[in-house]
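Encoded as structure tokens, the structure appears first; notes follow it.
The values are calculated or read from the model by the stated rules, or taken from the named source; none is laboratory data. In this text the structure is predicted, and so the values were computed from the model without any measurement. FYI the Cβ positions are ideal-geometry reconstructions off the backbone, even for glycines, and counts take in every protein chain you see. Accessible surface is based on the protein model in full, side chains and every heavy atom, while ligands, DNA and RNA are left aside. Shrake-Rupley method; radii C 1.70, N 1.55, O 1.52, S 1.80 Å.
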Amino acid sequence: MDYVLLTDASCDLPDNLAKELNIYVLPMEYQIDGKSYNYYLDAREMSLNEFYDKLRQGMYATTSQINYDSYMNYFEEYLKQGKDILYICISLGLSGSYNTCKIAIDDLQKKYPDRKIYIVDPCSDSAGQGLVVYNAGIKYNEGLSIDELRDFIEEYKKKCCHWFVIDDLDILKRGGRISAATATFGKALQIKPLISVDETGKLINVGKLRGTNKIYDEFVKKIKRDGENLQNQTIFIAHADNPDGAEKLKEMIKPLVKDIIICKIGPVIGAHVGPGMLALLFYGNRNITM
């Protein structure tokens, strides 16, 4: 291929899958317990179990966007080889990385005027971004040109459906997203926020679910209502250190779809949603209602 397909670690793809699809993944930085780490999809600097255990112990994690110099170094490595670049970036609706990357691209374009350097906003993050990247990777390996693949992604992302349920209300409280009273009340009644993503990539609080069983029923309802051509579709289930929940949801949805890939949510997103989060990602009618 005369171009490379890049994304960043926010995508939360299984590491072996990214390698299989020849997708290069830029690491992203996070901080916890007074130390900084780079997050790679293989979690080489800190296991995800350890990361979520630290959150359960009350430690507070923060994340950093990819900086200008890093983008310059990452991209120039391929430009020097005469390769064009297509980069699927964490959504502008959730991170400033996109704008920083655009500045780097503008500068690199002056230095390499004959090269194509494209950035695409998937209007999602975590496994939602991963679902876009996964399908882009399939098309990339089928031999689409860089312009054809960019056009495919721009259309595909419009029909990605994203549903998340956050289990850890304490982390929402620590992050200032809900009050202490709301967190206490919600935990007492086992209320979980149901969240989706709008067309710009911003998180939308759609409603509240009460009780664990309601979560699974709601996910099944959503994919039956909005999924398209499910029997020929590979869908994603993602979890933040909640493998039992992911497996239970997989068993409920398995009869409806061609295949299911389970993804682990890394620190880039896990720092903001906490342990226990469960997500369902599929292609269909983007309907952000209960």
Relative contact order of the chain (C-alpha contacts under 8 Å, at least 6 apart) in percent is 22
Under 12 Å between alpha carbons, and skipping anything fewer than 8 positions from residue 19 in its own chain: which aspartates and glutamates qualify?
42
Computing the accessible area with a 1.4 Å probe over protein heavy atoms, can you report the carbon and sulfur percentage for the chain?
46
Which whole-Hz couplings ³J(HN,Hα) result when phi for each residue of segment 136-142 is put into the Karplus expression 6.51 cos²θ - 1.76 cosθ + 1.60, θ = phi - 60°, listed in order with x for Gly and Pro?
5, x, 4, 5, 4, 6, 7
Give me the 1.4 Å probe accessible area per residue for the chain, excluding ligands and nucleic acids, in Å².
44
Just checking my list [x] 18.4, 55; [y] 22.7, 73; [z] 18.8, 60 against Rg and Dmax of the Cα atoms in Å computed from this structure; which label fits?
[z]
Amide H to amide H, which residues 5 or more places from residue 88 or on other chains are under 5 Å from it, using H placed in the peptide plane?
6, 7, 120
Helical contribution to [θ] at 222 nm, DSSP H n ≥ 4, -39,500 (n - 2.57), averaged over the chain, rounded to 500
-12000 deg cm²/dmol
Loop trypsin sites (Lys or Arg not before Pro), segment 53-145 (other Cβ atoms within 10 Å of the site Cβ: 13 or fewer; DSSP):
80
Can you list the residues, at least 5 places off or on another chain, whose amide H is less than 5 Å from the amide H of residue 276, using H built in the peptide plane?
240, 241, 242
For the pair residue 73 and residue 156, how long in nm is the line joining their label points, each one 7 Å along Cα→Cβ?
3.0
Placing +1 at every Lys and Arg Cβ and -1 at every Asp and Glu Cβ, with all other atoms neutral, what dipole size does segment 48-129 have around its Cα centre, in debye to the nearest 20?
100
